[in-house]
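S.K.: One structure is given below, represented as structure tokens, and several questions about it will come after.
Any read-out appearing in this document is the output of simple, stated calculations on the displayed coordinates, not a laboratory observation. Keep in mind that this is a model prediction, so the values were computed, not measured. Cβ placement follows ideal geometry from the backbone for every residue including glycine, while neighbour counts extend to all protein chains displayed.
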Amino acid sequence: MSWRSKKGADLLRGHDWAVQRNQNILLSGARIIDPALGLDQTADIFIERGKIIQIGEIERDELKEHVTIDMRGKIIVPGFQDMHAHFGQPGREDRETLTTGICAAAAGGYTGVAITPDTDPYIDNAGIVKWIQDQTSGSPVFVQPVAAVTRDDEGRRLTDIDDIYHAGVRVFSDTGRPAASPEIMRRALDYMKLHALTISSRTQEASLAAGGIVREGPVSTRLGQKPWPSIAESMGAAKLLLLAMYTGGKLHLEAISSTETIDLIRWARERGVKVTCDTTPHYLALTDEACETFDGNYKTSPPLGSESDREALIAAVADGTIDAIASDHMPLTGEECLVEYSTVPDGVVGLETSLGVLAKEFGGDKPDWNQLIKLLSIQPREIMEMPKATIKAGAYADLTMIDPDAVWMVDAKRFLSKGRNTPFGGWQLPVKSMGIINRGWLVLAPDARMLLK
């Protein structure tokens with residue numbers, strides 16, 4: 001059922017969120033940050049039916065009828081864009097539907113989400129792309145399908161890339177399938193150049209990773225779990241980087257987690273390879289030592305790395321090697337999690353906790369907002385060739401609202417996502433999204449409703 005049926009809005013309202021559409025809105029006294037414009041100022045913003053009309057000190061008497069949100073002490077930034085989230089629908093609605101995924105994204109401050117092709121059926125033709133576009137049409141979160149590179153489980157035949165491109169897709173991936181052969185990937189990278197498209201890929205050498213549960217090292221030895229060597233990731237990355245170098249195609253590496261992969265990306269960029277990459281909040285905040293609890297909420301793909309890997313990732317964020325941070329949101333059912341550790345499916349939810357976790361890791365109650373906005377909004381949109389979200393008069397409002405003083409505790413039972421498989425349950429986080437303004441929608445969190453007048 002599409003957002004046009006109001007099912008999504010009703011779900012948000014059922015959780016006590018304020019949801020309005022096509023209202024004129026005055027955001028009063030906000031700190032406005034937009035690194036792309038060099039903007040960091042305290043001002044009012046007036047939005048008329050989805051478009052920013054005025055920024056500055058605004059005379060209330062001159063405005064059309066509107067609602068006001070008291071944003072004193074709060075922050076407004078360009079809307080966040082997630083690069084890969086697993087929504088399940090079609091086929092795995094027991095894990096997540098498009099509607100619940102959109103609600104979770106809005107709760108986390110995301111105005112755009114790219115959804116991975118590992119659905120059932122796989123997103124490998126223009127028809128499925130158009131179906132998803134229709135189902136999410138008019139929602140407060142723009143949903144961008146990522147389409148498959150290959151059309152069968154063996155990865156032997158390319159999808160109809162041209163047809164899918166004309167349906168609006170700009171990024172292709174085989175997430176959730178065995179890696180295509182180097183020859184197929186070479187052909188795909190070559191073909192993508194016709195439309196300047198990007199292949200987004202996991203980096204894993206299947207023969208090395210097969211059956212691995214915990215990152216190879218002292219922890220896997222202590223636990224007696226089959227090790228997953230970090231070279232499984234770096235060797236997979238090396239093959240893809242060499243193919244991108246050979247073809248001149250555009251490559252994005254997803255969810256990188258190891259020191260060696262970071263070094264390979266730097267090496268490739270020095271040689272002119274067109275490569276970007278992302279990591280995730282769980283690789284920046286956690287290590288393999290969390291797995292000693294045998295809690296399936298710490299089971300990820302790739303498995304959590306060592307402390308030295310975590311430190312290398314943080315350094316790579318700081319020096320710009322890592323271009324973006326993605327949630328890699330992967331909901332699981334309760335039944336899937338109620339099994340022994342080794343058989344729990346890989347994946348954790350992240351849309352509703354990413355901002356808070358990243359703020360905690362990058363400055364606590366005083367994070368570097370320019371850095372976080374680049375990683376969560378500006379650079380993901382550039383990589384995916386999506387329209388920029390800019391805060392200026394005349395632009396359509398695509399905004400994330402943040403309470404920088406909202407200390408809160410993660411409680412998975414309160415998630416809007418169907419998934420409860422978070423590794424951050426019980427964590428106290430220093431920052432929280434208040435909601436979003438996008439596509440004419442105002443979506444405001446329960447604890448921010450008192451600011452709405």
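S.K.: If you find the alpha carbon centre of the stretch 385-414 and of the stretch 237-251, how far apart are they in angstrom?
M.R.: Using only Cα atoms to place each centre, the spacing works out to 34 Å.
S.K.: Just to be sure I understand the model, the point goes 7 Å from the Cα along the line to the Cβ. What's the resulting Asn24 to Glu340 distance in nm?
M.R.: 6.6
S.K.: Along Cα→Cβ, 7 Å out, is where each label goes; now give me the distance between the ones at Lys130 and Trp427 in nm to one decimal.
M.R.: 4.2
S.K.: If each residue of separation counts as 0.36 nm, what is the full-extension length gain between Thr390 and Asp263 once their alpha-carbon separation is subtracted?
M.R.: Details: separation 127, 0.36 × 127 = 45.72 nm, distance 3.29 nm.
So the chain would gain 42.4 nm between Thr390 and Asp263.
S.K.: Using Cβ contacts closer than 10 Å as the measure, can you line up Val275, Val77, Val407, Val19 from fewest to most? Let's see the in-between values first.
M.R.: On the way: Val275 22, Val77 26, Val407 12, Val19 19.
With the sparsest Cβ surroundings first, the list reads Val407, Val19, Val275, Val77.
S.K.: OK, next. Quick one: Ser354, Ser28, fewest Cβ neighbours within 10 Å first, how do they rank? Don't skip to the end; give the middle numbers.
M.R.: Details: Ser354 27, Ser28 19.
The order, fewest Cβ neighbours first, is Ser28, Ser354.
S.K.: Continuing with the same structure: Nearest 10 degrees is fine. How inclined is helix 259-270 to the longest principal axis of the chain, computing both from alpha carbons?
M.R.: Taking the Cα atoms of the chain, the angle to 259-270 is about 80 degrees.
S.K.: Roughly how many whole Å is it from the C-alpha centroid of the stretch 7-66 to that of the stretch 196-223?
M.R.: So the two Cα centres are separated by 43 Å.
S.K.: Using a cut-off of 14 Å between beta-carbons, work out the net charge of the residues near Ala397 (Lys and Arg +1, Asp and Glu -1, Ala397 not included).
M.R.: On the way: positive: Arg21, Arg49, Lys51, Lys388, Lys392, Arg439; negative: Asp34, Asp44, Glu48, Asp398.
Surrounding charge for Ala397 is +2.
S.K.: Does the stretch 225-375 classify as rounded, prolate or oblate by the C-alpha gyration tensor (a ≥ b ≥ c root eigenvalues; a/c under 1.5 gives rounded; else a/b over b/c gives prolate, otherwise oblate)? List each step's numbers first, then the result.
M.R.: On the way: a/c = 1.92, a/b = 1.29, b/c = 1.49.
Here the stretch 225-375 falls in the oblate category.
S.K.: Once you order the gyration tensor axes a ≥ b ≥ c over the Cα atoms, which shape class does the stretch 104-219 get: rounded for a/c under 1.5, otherwise prolate or oblate by comparing a/b with b/c?
M.R.: Values: a/c = 2.14, a/b = 1.23, b/c = 1.75.
Oblate is the answer for the stretch 104-219, as a/c is 1.5 or above yet b/c matches or exceeds a/b.
S.K.: Further question on the same structure: What number comes out for the charge environment of Thr42, summing +1 per Lys or Arg and -1 per Asp or Glu over other residues with Cβ under 15 Å away?
M.R.: -2
S.K.: Okay, which of the stretch 431-453 sit inside 13 Å, backbone N to the point 7 Å along the Cα-Cβ direction of Arg49?
M.R.: Zone members listed by number: 440.
S.K.: Stretch Glu65-Ser137 to full length: gain in nm at 0.36 nm per residue minus the Cα-Cα span? Don't skip to the end; give the middle numbers.
M.R.: Numbers: separation 72, 0.36 × 72 = 25.92 nm, distance 2.73 nm.
Value of the extension gain: 23.2 nm.
S.K.: Sorted from largest down, what three extents in whole angstroms do the Cα atoms of the stretch 157-232 have along their principal axes?
M.R.: 52, 23, 17
S.K.: Sticking with this one: Helix 126-135 versus the longest principal axis of the chain: what is the Cα-based angle in degrees, 0 to 90, to the nearest 10?
M.R.: Tilt of helix 126-135: around 30 degrees.
S.K.: Kindly express, to the nearest 10 degrees and within the range 0 to 90, the angle between helix 182-192's C-alpha long axis and the longest C-alpha principal axis of the chain.
M.R.: 30
S.K.: Mind listing the phi-derived Karplus ³J(HN,Hα) values for the stretch 42-51, rounded to whole Hz, using 6.51, -1.76 and 1.60 with θ = phi - 60°, and x for any glycine or proline?
M.R.: Rounded to whole hertz, the list is 9, 6, 9, 10, 10, 10, 10, 6, x, 10.
S.K.: In addition: Past 29 Å, Cα to Cα: identify those pairs from Lys250/Lys360; Lys51/Lys74; Lys6/Lys64, in the order given.
M.R.: Numbers: Lys250/Lys360 32 Å; Lys51/Lys74 21 Å; Lys6/Lys64 27 Å.
Check vs 29 Å cut-off fails for Lys250/Lys360.
S.K.: Another one. Treat the count of other C-beta atoms within 10 Å as a stand-in for reagent exposure and order Trp369, Trp408 from fewest to most.
M.R.: By the 10 Å Cβ count, ascending, the order reads Trp408, Trp369.
S.K.: Decide, for the stretch 79-383, between rounded, prolate and oblate: order the square roots of the alpha carbon gyration tensor eigenvalues as a ≥ b ≥ c, take rounded if a/c falls under 1.5, and otherwise choose prolate if a/b is larger than b/c, else oblate. It would help to have the intermediate numbers written out before the result.
M.R.: On the way: a/c = 1.26, a/b = 1.15, b/c = 1.09.
Verdict is rounded for the stretch 79-383.
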